[in-house]
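Written below as structure tokens is the structure these notes are about.
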Amino acid sequence: GTGGYVGTSTDGITFSTRTPVATNLMYGGVLVAGGASGIISTSTDGVNYIGRFRMQTALSNLASAYNGSNLYVIVGATGTSGYSTDAITWTSSTSGNVNNLTALVFGNSLFVFGSSGGGIGSSTDGITWTARTSNTASSLTAGAASASAYVFGGTGGVITSSTDAITWTVRTSGTTSAINALVRGAVFVYAGAGGVLATSTDGTTWTSRTSGTTSAIAALAYNGSVYAYAGVGGVIASSTDAITWTVRTSNTTTALTGMAAIGSTFVAGALSLSITSTDGTTWPVYAGSGTVSNLQAVTYGNGLYVYGGVGTTAAAASSTDGLTWTARTSNLGTAITALTYGAGAYVAAGISAISSSTDAITWTLRTSPTSTWSS
């Protein structure tokens, strides 16, 4: 459909989208992705996504956390919050904050959110929230927690931390750049605008590190042994100690806004794609539909899926599995609005034009008996 989205199904009933609409990701046995229009989708492998729920408002600034046993919590714009015990059925809740909730962590039996305007709230169950005082008016856009500390960062390089989620102290971060991401591994790591990156053993004292990029870093993840970040322009890098970072090839220039670790596997997400790596080092080429054109027709025959849409070349493609697509030249000279397969041939039709192929690779323009728009 629109934007080149592709979905597949084994039974024609349950469909998995191959290009999830996601701006952030969390993992707790199931990968949860959320984003525009309040959509929440889930995945068990970072490849196959199933739409689950639409929140009351857009989750363009989604934040999320998992308590390690049986509760997923998600928050977003204008104080929106929700929870689920299985990541499939979601229930809206009341956060008590009308600002944009932009960061959420779980640690030491507490969920804690940060918001625009420096708002902070904590909850023991992820449903009922108590407002706290962060001692900053800067928007808090990222958070992380350990067994002994909660840390939030945000605009202007602000860092505030607490040992109990009640009393908060503003710390010296060493930067005035916006902090977009925080993660806790063996150490705390923050990253943000201009490629700023720093580490801390306690969330209080921070040491600047060289990230290897000047692009804005939007997301961080830790898989138990490797740290990874992702950001603007498709930048991705990894590190085993959070001190020395190596920039990797992501095979995309799309701004990556979310990242999560599923066991040892990293998943990086954006508004229209999801890419995975088994080690944070090698990132396979993202397949998707191979086009951003509007897809208007699809057919299956002789072991091949074939789609067509707006355009003459990039909007025609074939696939053996419905996942990886190869662009083809239809020679139609107009948008493909109808496709079918029969009698050993694929046939594509558009405005006053018909093209056919026996292999979905080489297409021959045919004479149409009508000037009517085929659909």
Could you please find all residues in the range 302-316 being open to solvent by 50 Å² or more (accessible area, probe 1.4 Å) and at pLDDT 70 or above?
302, 305, 310
Would you mind telling me which numbered condition in (1) over 30 Å from residue 245 (Cα atoms); (2) at pLDDT 90 or above; (3) of a type in the set (Val, Ile, Thr) residue 281 fails?
(1)
Among (1) closer than 20 Å to residue 265 by Cβ; (2) open to solvent by 30 Å² or more (accessible area, probe 1.4 Å); (3) not in a strand (DSSP E or B) - the single one residue 242 does not satisfy:
(2)
Provide a single number: the residues in the range 71-86 that are open to solvent by less than 10 Å² (accessible area, probe 1.4 Å) and in a loop (DSSP other than H, G, I, E, B).
1
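Conditions tested, residue by residue: (1) under 20 Å from the mean Cα position of the chain (by Cα); (2) open to solvent by 20 Å² or more (accessible area, probe 1.4 Å).
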{"position": "88", "(1), (2)": "yes, yes"}
{"position": "96", "(1), (2)": "no, yes"}
{"position": "118", "(1), (2)": "no, no"}
{"position": "123", "(1), (2)": "no, no"}
{"position": "128", "(1), (2)": "no, yes"}
{"position": "134", "(1), (2)": "no, no"}
{"position": "138", "(1), (2)": "no, yes"}
{"position": "141", "(1), (2)": "yes, yes"}
Can you name the residue in the range 98-116 that is open to solvent by 20 Å² or more (accessible area, probe 1.4 Å) and of a type in the set (A, V, I, L, M) and, of all such residues, is farthest from residue 260 (Cα to Cα)?
98
Give me a count of the residues in the range 80-123 that are over 18 Å from residue 138 (Cβ atoms) and not aliphatic (A, V, I, L, M).
22
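Each row is one residue, and each column tells you yes or no for (1) assigned to a strand (DSSP E or B); (2) open to solvent by 40 Å² or more (accessible area, probe 1.4 Å); (3) among the β-branched types (Val, Ile, Thr).
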residue: 238; (1), (2), (3): yes, no, no
residue: 247; (1), (2), (3): yes, yes, yes
residue: 255; (1), (2), (3): no, yes, no
residue: 267; (1), (2), (3): yes, no, yes
residue: 280; (1), (2), (3): no, no, no
Test: residue in the range 94-115 that is more than 22 Å from residue 168 (Cα to Cα), polar (S, T, N, Q) and free of Cβ contacts under 8 Å to residues at least 40 places away in the same chain
yes
Go through the range 208-219 and report how many residues are modelled with pLDDT of 95 or more, within 18 Å of residue 157 (Cα to Cα) and open to solvent by less than 60 Å² (accessible area, probe 1.4 Å).
5
If we only count strands (runs of 3 or more DSSP E) wholly inside the range 149-203, which ones have 3 or more residues that are open to solvent by 10 Å² or more (accessible area, probe 1.4 Å) and touching a residue at least 24 places away in the same chain (Cβ under 8 Å)?
169-171, 179-184
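The values are calculated or read from the model by the stated rules, or taken from the named source; none is laboratory data. The structure displayed is predicted, hence computed values, not measured ones. Every residue, glycine as well, gets a Cβ built from its backbone with ideal geometry; the counts of neighbours run over all protein chains shown. Note: areas computed on protein heavy atoms with side chains; ligands, DNA, RNA excluded. Shrake-Rupley method; radii C 1.70, N 1.55, O 1.52, S 1.80 Å.
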